[in-house]
Amino acid sequence: MKKKIPLLLFASLLAFSSEYITLDNGKTVLLKDDGTWEEVTIVKKGDKNIALRKDGKWEEIKPKDIEAAQTITNETSKKYMDSKFAKALLGEWRSRDGNIKYLFKKDKAVFKKGSRVVEGKWSIEHIDEPKRKIIVNIGEDARLGFLSFGGVSRNLRFSPDFKTLYDESEKLEKLTDIELYKVK
Amino acid sequence: MKFAKLSLAALMALGVSAFAEVQNIKVSGDAKLYYGTNDADFQAVGIRPATGDLFSKNNSAGQAALNLAVTADLSEGAQGKVEWTILNTLGLENNLVSNVWEGGLENQWWVSEAWIAKTFANTTVKIGRQSLDTPLAFTETWSIARNTFDAAVVLNNDLPDTTLVAAWIGRGNNAGGIGTSSIPGLTWGNIGPNLGVAPTYGNVVNYAANGMDSFGTFGTNGAYALGVINSSIENVSLQAWYYDVQQIARAYWLQADVKNIVPNLMFGAQYANINPDNEITPDESSAWAVKLGYDFNDAVPGLKACASYSSTDDDGLVSVANTAGTSSKLYTEAWWNYGYVGAPATDAYNITVKYDMKDIAEFGAYYTSTDQGTGKNVVTPVDMTEFTLTATKSYGSLNATLAYIYTDADDQNIDPTTGNADSFNTIQVYLTYNF
């Protein structure tokens, strides 16, 4: 029993230390030890990450201290997220003219077209394997069955070697194939 | 409005019939608040006389917009979209502004997009109200509302590295028409319900007060466009377009863009010709343009610069510009003052520098100068110089752009007593919230 008391104390301390979590919508919150939470702004100073709190305080944090929220995805997305298509998407893709950019990370994606930026969680709505087509949903705010609110839905197609991505949604607007190449 | 309702009904009917096969329906959109003000002494922004003061009510224009869109991925690769655009002044005209960006003071709403698209093998067909992006007939996206078209487009990719485009345009809600003429009062194409209405600050779309149908026939009897876009040669993109605006003009556009043959260097060349029907004028308009750009990414990440030059034929009558608006796809097009670079007998150059400063903002500097000579149809040449600085920053879903524009044009801000034009400064704020 004596051994368990320090362990419990240590565990309690861990439980009540500062915890930063990035939500699905890309915002970061601080879970405070009094059971409340507040939104914080993470800024970079050199190679340091600084958390700016609304009470005027700041704190240096390491990237590993920021935890990604466990995304509750829809059933369709769960089915696809481990597929080779999802894995092939991971990374940064850009159009030749630099006007369109996608950044797919495991827990977050960014879509940029001109000055429009959409970021947040992402999911896969549909995969057509024979045609190598994939429909991704980026920055969704809410969902009701197959109804999705907020963000963007983009239709993409891989080349046979999976090294090039074609933006089928953009093709319907620009009337030509929009090639995306992987930057990193 | 009947057509809009029909398109909407057709889309809904298809959506319902394919209900069981719906893969994804997304509801999204954006809300905008745009404001512009200048210190011109003589050029009124709206109906009230200019005061010469920045931020004064008489020298300012503002408006709010809401775009609400429903997009659907249907069965077998079919897609559809319906979008509504709503414009409202928010009552800014009572205190802060004396003009709107688009339309008029009343609430305006219309179906700005209602289309369905389906892919069969290597061919995609898109039918309905939609945006278009071709060199001489396109949707202008710089104002608070954008013009769209009732059109049918077929894209084919059977040839390797080649996209073939065939388009028919029936109607549009564009306020400007084909190639604004250098002869005052002569405009072509769809002037529609805006005829006789004083121009607004942007003047891209027709007035749609209280849901009034703002779409009219494109040109006289619609238009056809054919395009070939080829990228068979690595890093080279070639485009050729042919247009037949029924009973008004035929036109073609050629363009070649080359990238990275020398690392980080880009080069482009354009040539365009518009041949109006003889009943309108026997004089053809043509233009050519070149550009040279460099991406400094290796030395300064995010920095790009581009210089371009264009020249239009002395004998032309109409401008080489959007047949459905005022701006031009010529490389030299200015950031704000449209209608100059593509005008007949004009030499123009443009220098653009963009810098994406990571985690800070995106900055842009744009210098455009046009020099118009006398020509067969140009009696009074007009020169224009514009210098613009922009800063754009996104705060989550909110995108903000601040622009400063210096304008010195022979046909703007003219002192009525001396007849001389005076330069003036403009500040614009663009706020867009995406949801």
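Please determine whether any residue of region B:60-67 is modelled with pLDDT of 90 or more, open to solvent by 20 Å² or more (accessible area, probe 1.4 Å) and of a type in the set (S, T, Y).
No, region B:60-67 contains no residue that is modelled with pLDDT of 90 or more, open to solvent by 20 Å² or more (accessible area, probe 1.4 Å) and of a type in the set (S, T, Y).
Taking B:N377 as the residue in question, decide whether it is under 28 Å from B:K291 (Cα atoms) and in contact with a Pro (Cβ under 9 Å, 6 or more places away or on another chain).
yes
Please count how many residues of region B:117-136 are away from every other protein chain (no Cβ under 11 Å), crowded, with 21+ Cβ neighbours inside 10 Å and part of a strand (DSSP E or B).
Result for region B:117-136: 2.
Could you tell me how many of the residues in region B:102-145 are of a type in the set (D, E) and touching a residue at least 60 places away in the same chain (Cβ under 8 Å)?
3
Give the number of residues within region B:45-97 that are within 12 Å of another protein chain (Cβ to nearest Cβ) and among the aromatic types (F, W, Y).
Counting residues in region B:45-97 that are within 12 Å of another protein chain (Cβ to nearest Cβ) and among the aromatic types (F, W, Y) gives 0.
Looking at region B:418-429, I want the residues that are of a type in the set (D, E, K, R) and have a partner that is open to solvent by 40 Å² or more (accessible area, probe 1.4 Å) with Cβ atoms under 8 Å, at least 6 apart or on another chain. Which pairs are those?
Close Cβ pairs (under 8 Å, with a partner that is open to solvent by 40 Å² or more (accessible area, probe 1.4 Å)) amount to B:D422/B:D41; B:D422/B:F42; B:D422/B:I414.
Which one of the conditions (1) open to solvent by less than 10 Å² (accessible area, probe 1.4 Å); (2) in a loop (DSSP other than H, G, I, E, B) does B:L105 fail to meet, given that it meets all the rest?
Result: B:L105 fails condition (1) only.
Which fully enclosed strands (runs of 3 or more DSSP E) of region B:347-426 have 3 or more residues being open to solvent by 50 Å² or more (accessible area, probe 1.4 Å) and either closer than 30 Å to A:K27 by Cβ or touching a Gly at 6+ places or on another chain (Cβ under 8 Å) (or both)?
Where strands (runs of 3 or more DSSP E) fall fully within region B:347-426 and carry at least 3 residues being open to solvent by 50 Å² or more (accessible area, probe 1.4 Å) and either closer than 30 Å to A:K27 by Cβ or touching a Gly at 6+ places or on another chain (Cβ under 8 Å) (or both), they are B:384-395.
Confirm whether B:V300 is over 24 Å from B:W241 (Cβ atoms), among the aliphatic types (A, V, I, L, M) and in contact (Cβ under 8 Å) with a residue 24 or more places away in the chain.
Answer is yes for this residue.
Inside region B:197-212, can you point out the residues that are on the phi < 0 side of the Ramachandran plot and surrounded by 18 or more Cβ atoms within 10 Å (Cβ to Cβ)?
Result: B:T200, B:Y201, B:G202, B:V204, B:V205, B:N206, B:Y207, B:A208.
Listed residues A:K79, A:K4; which is surrounded by fewer than 12 Cβ atoms within 10 Å (Cβ to Cβ) and either at pLDDT 85 or above or basic (K, R) (or both)?
Sole residue among the options that is surrounded by fewer than 12 Cβ atoms within 10 Å (Cβ to Cβ) and either at pLDDT 85 or above or basic (K, R) (or both): A:K4.
Any chance region A:138-149 includes a residue that's surrounded by fewer than 23 Cβ atoms within 10 Å (Cβ to Cβ), at pLDDT 90 or above and within 14 Å of A:D167 (Cβ to Cβ)?
yes
As an exercise: evaluate B:N174 against (1) open to solvent by less than 10 Å² (accessible area, probe 1.4 Å); (2) within 10 Å of chain A (Cβ to nearest Cβ) and give the number of the one condition it does not meet.
(2)
Tell me yes or no: at least one residue of region B:314-332 is aliphatic (A, V, I, L, M), at pLDDT 95 or above and not in a loop (DSSP other than H, G, I, E, B).
Checked against the condition, which is being aliphatic (A, V, I, L, M), at pLDDT 95 or above and not in a loop (DSSP other than H, G, I, E, B), region B:314-332 yields no hits at all.
Answer yes or no: is there a residue in region A:161-174 that is of a type outside the set (A, V, I, L, M), at the interface with chain B (Cβ under 10 Å from one of its Cβ atoms), closer than 17 Å to A:L90 by Cα and touching a residue at least 40 places away in the same chain (Cβ under 8 Å).
Checking region A:161-174: not a single residue is of a type outside the set (A, V, I, L, M), at the interface with chain B (Cβ under 10 Å from one of its Cβ atoms), closer than 17 Å to A:L90 by Cα and touching a residue at least 40 places away in the same chain (Cβ under 8 Å).
Could you count how many residues in region A:102-157 are within 8 Å of chain B (Cβ to nearest Cβ), in a strand (DSSP E or B) and within 14 Å of B:D73 (Cβ to Cβ)?
Of the residues in that region, 11 qualify.
I'd like the full set of residues that are open to solvent by 40 Å² or more (accessible area, probe 1.4 Å) and facing chain B (nearest Cβ under 10 Å), limited to region A:90-101.
Passing the criteria: A:R96, A:D97.
Within region B:96-132, track down each residue that is of a type outside the set (V, I, T) and more than 21 Å from B:W84 (Cβ to Cβ).
B:L96, B:S98, B:N99, B:K118, B:F120, B:A121, B:N122
Output the residues belonging to region B:137-155 that are within 11 Å of another protein chain (Cβ to nearest Cβ), open to solvent by 10 Å² or more (accessible area, probe 1.4 Å) and closer than 28 Å to A:R132 by Cβ.
The one that is within 11 Å of another protein chain (Cβ to nearest Cβ), open to solvent by 10 Å² or more (accessible area, probe 1.4 Å) and closer than 28 Å to A:R132 by Cβ: B:V154.
Checking A:F85 against (1) away from every other protein chain (no Cβ under 11 Å); (2) open to solvent by less than 10 Å² (accessible area, probe 1.4 Å); (3) outside any helix (DSSP H, G or I), only one condition comes out false. Which one?
For A:F85, the exception is condition (3).
Can you name the residue in region B:269-300 that is closer than 16 Å to B:D347 by Cα and among the aromatic types (F, W, Y) and is also surrounded by the fewest Cβ atoms within 10 Å (Cβ to Cβ) among such residues?
So the residue we want is B:Y271.
For region B:220-239, which residues satisfy the criterion of being open to solvent by less than 70 Å² (accessible area, probe 1.4 Å), away from every other protein chain (no Cβ under 12 Å) and without any contact (Cβ under 8 Å) to a residue 60 or more places away in the chain?
Across region B:220-239, the qualifying residues are B:T220, B:G222.
The values are calculated or read from the model by the stated rules, or taken from the named source; none is laboratory data. Keep in mind it's a predicted model, so treat the numbers as computed, not measured. Note: ideal-geometry Cβ built from the backbone for every residue, glycine included; neighbour counts use all protein chains shown. The protein model used for the area step is the full one, side chains on, heavy atoms only, and it has no ligands, DNA or RNA in it. Shrake-Rupley method; radii C 1.70, N 1.55, O 1.52, S 1.80 Å.
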